[in-house]
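The values are calculated or read from the model by the stated rules, or taken from the named source; none is laboratory data. None of the values given here were measured: they were computed from a predicted structure. Backbone-built Cβ (ideal geometry, glycine too); neighbour counts: all protein chains shown.
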Amino acid sequence: MASRTLFIQMIILSSFLLPFSNPADYNYPAVFNFGDSNSDTGGLVAGMGLLVGPPNGHKFFKTSSGRVCDGRLIVDFLMDAMELPFLNPYLDSIGMPSFQKGCNFAASASTILPSHAGSTCPFSFGVQVDQFVRFKTRVLELLPTATANKKIEKYIPVESFFQKGLYMFDIGQNDLTFAFYSKSLDEILLWIPNVLLEFETGIKKLYDQGARNFWIHNTGPQGCLPRNIAEFQTDPSKLDELGCVSFHNEAARVFNLHLHALCERLQNEYADVNVTYVDIFTIKSNLISNHFQYGFKEPIMACCGYGGPPLNYDNRNTCGHTGTSAAAKACSNSSEYVNWDGIHFTEAANQHIASQILTGKYSDPPVSDEMPFLLKI
């Protein structure tokens with residue numbers, strides 16, 4: 001235990017040795033997003049034919065929208081703040097989706113590492129990056145035709161958007177979640193650098209494709225998700241003062257420290273890039289611990305679930321799917337809940353998180369004096 005504490009302290013110290021100094025230009029013509037269910041706007045549904053059924057989506061879209069949420073995700077609010085349209089999934093082929101202002105490669109259950117034990121999604125981070133390369137290649141092939149055909153032109157980005165655009169990332173949560181089913185905490189802490197080496201490989205591949213503006217979310221307090229509490233709370237001593245699983249949150253903190261250090265290295269290695277590291281962990285932790293202050297009544301219990309208090313989570317009866325005994329049901333007022341279905345956050349929580357991101361206080365480098373857009377709520 002002492003060696004692990006020293007290990008964590010060394011990472012914390014190193015993460016402050018190389019402060020960012022390269023300010024970014026936040027007027028982006030397009031956004032290219034990579035991630036898991038936290039930012040999936042329908043990628044897994046389009047790619048696997050899986051159903052994300054109601055009550056998902058009912059809060060804003062009035063129907064299931066491919067998002068595992070009662071309404072909008074953080075990425076939706078950020079796109080709105082930048083006055084850009086919601087991102088369409090890369091694999092969505094129905095209704096001629098427009099990719100002129102960007103494209104979403106995120107897919108629910110995705111991991112950074114390929115073929116991760118426990119994942120049901122084939123679209124790992126490396127696959128998403130390869131999909132982007134294919135997307136860019138096809139766009140550049142079509143551009144000469146698009147110039148002559150205005151009907152095509154409005155659906156695809158111009159070449160300069162690939163360099164001037166913003167590349168957003170929110171992935172890694174599932175790598176840690178699945179790892180706890182087969183590894184000890186000490187094993188996970190030693191394994192985390194391997195996960196981030198794969199992430200670094202993908203980032204550098206995107207850089208080689210012309211990407212220069214990177215917006216990277218760290219991972220949230222996973223020990224506070226009802227699913228993880230339900231499945232790993234057998235020992236009360238492993239829960240913190242909020243009732244969250246301590247080991248899961250410790251792993252998330254170490255993952256984030258490594259991720260922060262990676263962002264710093266990338267910023268210092270490439271003089272022509274802008275890397276913004278966003279501390280989602282702190283934002284979500286503050287929301288959970290101070291939920292009453294922000295207008296929420298339930299910080300941890302799932303709104304849409306089965307089983308009732310204290311968690312309202314049963315992995316046999318999940319939101320949007322019919323379980324073995326009874327279907328999960330949604331609460332009457334999801335805006336009072338932080339958690340939607342045991343894993344994902346409600347639209348109200350996502351809106352709060354986005355508003356905190358847009359203050360710039362949780363970013364490195366801070367962006368409060370540079371960000372020209374405000375969240376429209």
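Below is a table of values for the structure above.
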quantity: D170 vs. criteria crowded, with 21+ Cβ neighbours inside 10 Å, of a type in the set (D, E) and touching a residue at least 40 places away in the same chain (Cβ under 8 Å); calculated: yes
quantity: Positions within the range 264-286 being assigned to a loop (DSSP other than H, G, I, E, B) and either at pLDDT below 95 or not aromatic (F, W, Y) (or both), in sequence order; calculated: A271, D272, V273, D279
quantity: Long-range neighbours under 8 Å by Cβ, at least six apart or interchain, first residue in contact (Cβ under 8 Å) with a residue 24 or more places away in the chain and within 17 Å of N218 (Cβ to Cβ) within the range 277-293, second part of a helix (DSSP H, G or I) and aromatic (F, W, Y); calculated: L287/Y294
quantity: Residue match in the range 24-42 (condition: of a type outside the set (G, A, S), over 23 Å from N274 (Cα atoms), surrounded by 14 or more Cβ atoms within 10 Å (Cβ to Cβ) and at pLDDT below 90); calculated: no
quantity: Positions within the range 234-254 being part of a loop (DSSP other than H, G, I, E, B) and either modelled with pLDDT of 95 or more or of a type outside the set (D, E) (or both), in sequence order; calculated: T234, L242, G243, C244
quantity: Matching helices (runs of 4 or more DSSP H) fully within the range 132-233 where at least 2 residues are among the aliphatic types (A, V, I, L, M), over 18 Å from the mean Cα position of the chain (by Cα) and under 27 Å from S115 (Cα atoms); calculated: 185-208, 226-232
quantity: Restricting the range 234-265 to residues that are small (G, A, S) and crowded, with 22+ Cβ neighbours inside 10 Å, the residue that is nearest to the chain's Cα centre (by Cα); calculated: A252
quantity: Given (1) hydrophobic (A, V, I, L, M, F, W, C); (2) assigned to a helix (DSSP H, G or I); (3) in contact with a Phe, Trp or Tyr (Cβ under 9 Å, 6 or more places away or on another chain), index of the condition L257 fails; calculated: (3)
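A quick yes/no check of all residues on (1) small (G, A, S); (2) at pLDDT 95 or above; (3) part of a helix (DSSP H, G or I):
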{"site": "M301", "(1), (2), (3)": "no, yes, no"}
{"site": "N315", "(1), (2), (3)": "no, no, no"}
{"site": "C319", "(1), (2), (3)": "no, no, no"}
{"site": "T322", "(1), (2), (3)": "no, no, no"}
{"site": "A326", "(1), (2), (3)": "yes, no, no"}
{"site": "V338", "(1), (2), (3)": "no, yes, no"}
{"site": "S355", "(1), (2), (3)": "yes, yes, yes"}
{"site": "M371", "(1), (2), (3)": "no, no, no"}
{"site": "K376", "(1), (2), (3)": "no, no, no"}
